[in-house]
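The values are calculated or read from the model by the stated rules, or taken from the named source; none is laboratory data. None of these values were measured; they are calculated from a predicted model. When we count neighbours, we look across all protein chains shown, and the Cβ atoms used for this are built from the backbone with ideal geometry, even at glycine.
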Amino acid sequence: MKILSGIQPSGQLHIGNYFGMMKTMISHMESSDLYVFVVDLHALTSVHDRKRLGMGTLEAAADFLALGLDPDKCTFWVQSDVPEVCELTWILSTLAPMGLIERCHSYKDKVAKGITASHGLFSYPVLMAADILLYQADRVPVGKDQKQHLEVARDLAQKFNNTFGETFIVPEPAISQSTAIVPGIDGQKMSKSYGNTIPIFLEGKALKKRVMAIETDATPVEDPKDPDKCNLFSLFSLFAPPERIQEVRSLYVNGGAAYGYIKLELLDMISDTFADARRKKADFMADPAELRAILKQGGEKARAKAAVTLDLVRERVGLKY
Ligand code: ADP
Ligand code: TRP
């Protein structure tokens with residue numbers, strides 16, 4: 001089974017990325033043919049700053065490796081090191097109905113948040129479909145926000161197969177219920193583009209400031225509260241063991257849940273969960289040449305696989321004469 005997913009290096013990776021996608025991907029490393037990549041071409045739709053994009057790419061790669069991804073047990077690369085993806089994007093875009101792409105809500109959400117409405121941002125889902133189809137992925141673990149983009153990839157695979165003959169595997173999304181949408185400190189979806197994140201590797205005072213800023217309502221401690229409507233409780237549940245989640249749930253329901261204490265407990269759990277990875281990340285970032293070498297090798301591995309699919313696609317559509 002081929003499992004594939006990518007992440008944008010458009011800002012510091014956060015615990016929504018971790019629980020929504022990274023943790024699942026790393027857990028598949030032993031049992032699957034795993035493809036993990038840093039999507040710098042996608043990030044260009046929102047980052048127009050050479051240093052920030054380059055550093056973001058190295059950081060995202062270091063994050064994955066520090067969290068336990070082993071490049072010898074998967075294919076791990078940077079999207080732009082495989083230029084074949086751009087050619088496939090063009091070919092797929094000639095099949096993509098305008099209406100299908102116009103319906104994608106991520107484009108509208110991003111424009112509403114102030115990202116420039118460029119053609120690249122609009123056609124982002126076609127590049128994502130090319131990412132997936134180029135490697136003939138069977139399953140794509142993502143957060144719920146990407147479900148519609150997966151539907152676009154499936155539609156385009158089917159459309160291509162119907163038009164030119166069986167070529168692409170039609171990929172399945174894999175969305176875990178419990179971590180489908182991790183809330184940010186303001187209660188909206190946690191996202192790099194919304195400024196509401198808790199970065200995975202934040203520590204000390206900066207981490208404390210973020211956790212203490214998680215928005216809660218003004219219900220007094222002794223009053224009952226609905227845990228399922230509280231973003232603090234959702235975040236707490238991602239880190240706490242099951243018995244502790246039950247105890248805190250009953251404090252919410254019966255009265256006695258003090259937000260301040262719950263935040264401090266959450267702070268300790270975040271800090272402990274990533275302590276080891278934090279040290280490893282610092283080691284990776286101290287040796288960018290080694291990081292680049294790992295990515296270059298991964299890129300060559302990915303490119304060899306991409307070339308096989310693209311060759312078939314060129315033949316199917318008539319670009320081989
Ligand atoms: P962001 O919205 O922060 O820019 P990306 O778009 O790079 O994040 O997402 C990378 C992966 O992490 C995707 O699979 C996405 O679905 C997942 N993801 C991002 N934010 C969340 C979240 N708040 N909850 C669950 N999964 C998320
Ligand atoms: N669009 C995805 C996101 O923002 C990132 C992405 C790009 C991706 N290409 C992909 C995810 C291919 C899965 C598969 O999260």
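Residues in region 171-207 that are basic (K, R) and either under 18 Å from P9 (Cβ atoms) or within 14 Å of the chain's Cα centre (by Cα) (or both): K189, K192. I200 meets the stated requirement of being crowded, with 20+ Cβ neighbours inside 10 Å, closer than 21 Å to G16 by Cα and either within 16 Å of ligand 2 (Cβ to nearest atom) or among the aliphatic types (A, V, I, L, M) (or both). Scan region 1-43 residue by residue and report those that are in a loop (DSSP other than H, G, I, E, B) and either more than 23 Å from M285 (Cα to Cα) or more than 12 Å from ligand 2 (Cβ to nearest atom) (or both). Listed by number, the residues that qualify are M1, Q12, H28, M29, E30, S31, S32.
Only a single criterion out of (1) more than 16 Å from ligand 2 (Cβ to nearest atom); (2) assigned to a loop (DSSP other than H, G, I, E, B); (3) closer than 30 Å to R279 by Cβ; (4) in contact with a Ser or Thr (Cβ under 9 Å, 6 or more places away or on another chain) is not satisfied by I214, namely (4).
In the set A66, A60, A43, only one residue is touching a Lys or Arg at 6+ places or on another chain (Cβ under 8 Å), in contact (Cβ under 8 Å) with a residue 24 or more places away in the chain and surrounded by 18 or more Cβ atoms within 10 Å (Cβ to Cβ); that residue is A66. Of a type outside the set (A, V, I, L, M, F, W, C) and either within 16 Å of ligand 2 (Cβ to nearest atom) or in the same structural domain as A129 (by TED's automatic domain parsing) (or both), is that true of Q246? No: the conditions fail for Q246. Beta carbons closer than 7 Å, at least 6 apart along the sequence or on distinct chains, pair a first residue in region 8-28 that is farther than 17 Å from G195 by Cα with a second that is among the hydroxyl-bearing types (S, T, Y) and more than 10 Å from ligand 2 (Cβ to nearest atom) for F19/T179; G20/T179; T24/S176.
Any residue that is within 19 Å of the chain's Cα centre (by Cα), within 16 Å of ligand 1 (Cβ to nearest atom) and crowded, with 17+ Cβ neighbours inside 10 Å - is there at least one of those in region 85-100? Scanning region 85-100, I find no residue that is within 19 Å of the chain's Cα centre (by Cα), within 16 Å of ligand 1 (Cβ to nearest atom) and crowded, with 17+ Cβ neighbours inside 10 Å, so the answer is no. Counting only residues that are farther than 17 Å from A206 by Cβ and not in a helix (DSSP H, G or I), how many does region 250-288 have? Result for region 250-288: 6.
For region 204-215, the count of residues that are in contact (Cβ under 8 Å) with a residue 40 or more places away in the chain, of a type outside the set (A, V, I, L, M, F, W, C) and farther than 25 Å from K281 by Cα is zero. Among the residues of region 166-193 satisfying the criterion of being exposed (fewer than 15 other Cβ atoms within 10 Å of the Cβ) and modelled with pLDDT under 95, which is nearest to ligand 2 (Cβ to nearest atom)? The qualifying residue nearest to ligand 2 (Cβ to nearest atom) is Q188. Only residues that are part of a helix (DSSP H, G or I), surrounded by fewer than 14 Cβ atoms within 10 Å (Cβ to Cβ) and at pLDDT below 95: list them for region 103-146, please. Once the filter is applied, which keeps residues that are part of a helix (DSSP H, G or I), surrounded by fewer than 14 Cβ atoms within 10 Å (Cβ to Cβ) and at pLDDT below 95, region 103-146 yields H105, K108, A112. Per the listing L295, L264, the residue uniquely buried (at least 18 other Cβ atoms within 10 Å of the Cβ), of a type outside the set (S, T, Y) and either within 30 Å of D228 (Cα to Cα) or touching a strand residue (DSSP E or B) at 6+ places or on another chain (Cβ under 6 Å) (or both) is L295.
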